[in-house]
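To start, the structure under review is shown below, and the notes come after it.
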Amino acid sequence: MRELTHREQALTSFQWKPFDKNTWNNRVTRIDVDKGNDPNSICPYCKNEQTTPVMDKAYLNSYASNPAFKGKHYKVFSCHCCNAVFSWYTVKHSIS
């Protein structure tokens with residue numbers, strides 16, 4: 001997995017969306033929310049549903065030190081199909 005700069009981390013980060021039918025079930029995304037998968041974990045580039053959350057603390061330290069994520073809760077994922085690394089973020093108190 002490639003190390004991203006702070007700028008690249010910010011560019012590949014997306015705002016977390018609650019997964020309900022109004023948000024995700026449309027012609028553009030074509031994601032079926034009823035499958036039980038969190039659509040936020042789907043690769044935004046190749047639409048692969050089998051992504052892996054990054055759990056490596058050494059890798060996540062770079063995100064923790066990034067000023068763009070200060071005061072935010074974030075999850076980092078890696079895609080096995082296109083080798084992309086992306087993240088989703090939200091304000092800390094609004095995600096459960």
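Structure data summary
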| read-out | value |
| --- | --- |
| Whichever residue in region 30-45 is farther than 21 Å from N83 by Cβ and in contact with a helix residue (DSSP H, G or I) (Cβ under 7 Å, 6 or more places away or on another chain) and, among such residues, is modelled with the lowest pLDDT | V33 |
| Qualifying residues in region 46-83 (those that are assigned to a helix (DSSP H, G or I) and touching a helix residue (DSSP H, G or I) at 6+ places or on another chain (Cβ under 8 Å)) - the one nearest to L11 (Cα to Cα) | A68 |
| Residue under evaluation N83, criteria (1) at pLDDT below 90; (2) surrounded by fewer than 16 Cβ atoms within 10 Å (Cβ to Cβ), criterion not met | (1) |
| Subset tally (residues that are of a type outside the set (F, W, Y), touching a Pro at 6+ places or on another chain (Cβ under 9 Å) and in contact (Cβ under 8 Å) with a residue 60 or more places away in the chain) for region 43-94 | 2 |
| Breaking point among (1) within 24 Å of R7 (Cβ to Cβ); (2) at pLDDT below 80; (3) surrounded by 15 or more Cβ atoms within 10 Å (Cβ to Cβ), for K92 | (3) |
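The values are calculated or read from the model by the stated rules, or taken from the named source; none is laboratory data. Every value quoted in this text rests on a predicted model; they were computed, and no experiment measured them. Cβ sites come from the backbone with ideal geometry, for glycine too, and all protein chains shown count toward neighbours.
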